[in-house]
Amino acid sequence: MMSYLGRDQYLALAAATKNAVALAGGSTQVADMVGMRFRQNVERWYSIREGEEPRSIPLYAIADIESNIVDMGGFPPITAALARMYGYELSLVQHQTLILSPVCQLGHAMKEFGEAAERITDSYRDRKFTVDEKGDCLKEIDDAIREMERLRSVLRSAEVVDLTGRSA
C-alpha cells in the first residue's frame, strides 16, 4: 500500500482516533456501535507499530463515532485533526442547542440532578412508592446521568487555558 501522508500525520490521526474512541465510550462500546466483533479491531486504528503500515479507520466509523460525540456536546476530534492537517480550523457554523461551555454544562447537569432529587423526595412524601413514581424517578435519573455524560464529554474536549493573565 502506498502512503501519501507522512508518519507524523498518521500519528496525529491515530491520536485523534484514540481520543474519539475514548470520548465515545471506549473500544468495546465503539466496536458494538460500528458493528465489529472485537474491540481489538477498533484499537488497531490507533495503534501504529514501528515497521507496520498504518491502519485507517473507515469513513463510516468516523461518522458514527463523531456523531455520537457531537450528540453528547463534544467536538469531532478526527475531523478537526484532518482539517488542521491541511491548514484549516474546524468551527461550528450553525446554532446548536447543545451547551458547549463546561461551566454552563455543569449548571445544566446540576439542574437535572436537582429535578431527579425533587422527584424522588416527592415520591416518598406520602410514604408510598408506586410503579408510576418509580418510572418517573428512573427517567429523571437517566436525564441527570445523560447530562453528566455530556459534561464529561465537554470537559474532555475543552481547551486548557489560563485566564489569570499571568505568564507561565
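The values are calculated or read from the model by the stated rules, or taken from the named source; none is laboratory data. On a predicted model such as this, the values are computed, not experimentally measured, just so you know.
Being part of a helix (DSSP H, G or I) and either at pLDDT 85 or above or of a type in the set (S, T, N, Q) (or both) is a condition met by at least one residue of segment 85-96. Do the conditions hold for ALA61, that is, is it assigned to a helix (DSSP H, G or I) and either closer than 12 Å to VAL30 by Cα or not assigned by TED's automatic domain parsing to the domain that holds SER27 (or both)? Criteria met by ALA61. Exactly one residue out of GLU149, GLU118 is outside the structural domain of VAL70 (by TED's automatic domain parsing), under 12 Å from the mean Cα position of the chain (by Cα) and not β-branched (Val, Ile, Thr): that is GLU149.
Select from segment 115-151 the residues that are among the basic types (Lys, Arg) and part of a helix (DSSP H, G or I) and write down the one among them that is modelled with the lowest pLDDT. I'd like the intermediate steps shown before the answer.
Residues of segment 115-151 that are among the basic types (Lys, Arg), as a first pass: 119, 125, 127-128, 134, 139, 146, 150.
Checking which are part of a helix (DSSP H, G or I) leaves us with 119, 134, 139, 146, 150.
Numbers: ARG119: 94, LYS134: 94, LYS139: 92, ARG146: 86, ARG150: 83.
Filtering first and then ranking leaves ARG150.
Picking from ASN41, ASN19, which residue would you name as being outside the structural domain of ALA144 (by TED's automatic domain parsing), among the polar types (S, T, N, Q), farther than 30 Å from ALA144 by Cα and modelled with pLDDT of 85 or more?
Numbers: ASN19 fails: farther than 30 Å from ALA144 by Cα.
Going through ASN41, ASN19 in turn, just one is outside the structural domain of ALA144 (by TED's automatic domain parsing), among the polar types (S, T, N, Q), farther than 30 Å from ALA144 by Cα and modelled with pLDDT of 85 or more: ASN41.
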